[in-house]
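Enquirer: Supplied in structure tokens, the structure appears directly below.
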Amino acid sequence: MLKQLPFLISGLIIGIILFQSSLIAPAINKLIPLKDASVLLRFIWPKFFIIIGCLSLISFLIFTNYTLTQPIVKYLALASFLLMSLCYFITPMINEAKDLSNNQLWTILHLTTIIMTLVVLLSNVCIIIFKKF
């Protein structure tokens, strides 16, 4: 049972990313006034990164404790953890750039977190595809 947990976690991570990115964030930006949306999104996104980072770390630790015929899944889980941790630490810089109206820096940092989140999404899809013990 414990051997299967990382694959369930990968499915959960995929679901969280798709739900947050395709439904929650766009709805907030569309339905809530800009100032209030900004406050809410600044509250939600760090937690998003922490939750996915923690889930990825749990997967990595479980993968590390079992002999795998496909060790790549262990490294994909580790990459997910590291990328989400980096996104979490970039978030205050994104907020500061927005507050200072530094749109160029904001765009670069925001795009960086989007790309890293996309890589995490694809990594977790690959973890499920490479499922072999």
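Enquirer: Roughly what percent of Cα-Cα pairs across region 70-133 reach past 16 Å?
Expert: 51
Enquirer: Hey, what do the phi angles of region 122-129 turn into as Karplus ³J(HN,Hα) couplings, whole Hz, using 6.51/-1.76/1.60 and θ = phi - 60°, x for Gly and Pro?
Expert: So the J values, rounded to whole Hz, are 5, 4, 6, 5, 5, 4, 5, 5.
Enquirer: Further, regarding this structure: Cα to Cα, under 20 Å, and not fewer than 8 places away if on the same chain: which lysines meet these conditions relative to K3?
Expert: Those lysines meeting the cut-off are K74, K131, K132.
Enquirer: If you average the C-alpha positions of region 11-52 and of region 58-133 separately, how far apart do those two centres end up, in angstrom?
Expert: 16
Enquirer: OK, next. Work out, step by step, the length gained on full extension between I114 and K3: first 0.36 nm times the residue separation, then minus their alpha carbon distance; give nm to one decimal.
Expert: 37.0 nm
Enquirer: Filter the chymotrypsin sites (Phe, Trp or Tyr not before Pro) in region 48-121 to those in DSSP coil with at most 11 other Cβ atoms within 10 Å of their Cβ, and list the result.
Expert: Sparse-neighbourhood loop chymotrypsin sites (Phe, Trp or Tyr not before Pro): Y66.
Enquirer: Another question, if that's okay. Suppose we look only past 17 Å in the calculated P(r) of the chain. What percent of the Cα-Cα pairs does that tail hold?
Expert: That tail contains 59 percent of the Cα-Cα pairs.
Enquirer: What lysines could a cross-link reach from K30, if we take a straight Cα to Cα line under 29 Å and drop same-chain neighbours fewer than 8 places away?
Expert: Partners found: K47, K98.
Enquirer: Normalising by the residue count of region 19-133, find the relative contact order in percent from Cα pairs under 8 Å and 6+ residues apart. Write out the running numbers ahead of the final one.
Expert: On the way: 88 pairs, mean separation 32.8, N = 115.
RCO, region 19-133: 29 percent.
Enquirer: Name the residues of region 60-93 whose amide N is less than 18 Å from a point 7 angstrom out from the Cα of F130 along the C-beta direction?
Expert: 60-84
Enquirer: Shifting gears a bit: Report, largest value first, the span of the C-alpha coordinates of region 1-72 along each principal axis, in whole Å.
Expert: Projected onto the principal axes, the Cα atoms of region 1-72 cover 51, 20, 17 Å.
Each reported figure results from applying straightforward, stated rules to the coordinates on display, with no laboratory input. Since we're looking at a predicted model, the values are computed, not measured. Every residue, glycine among them, receives a Cβ derived from its backbone with ideal geometry; neighbour counts consider all protein chains shown.
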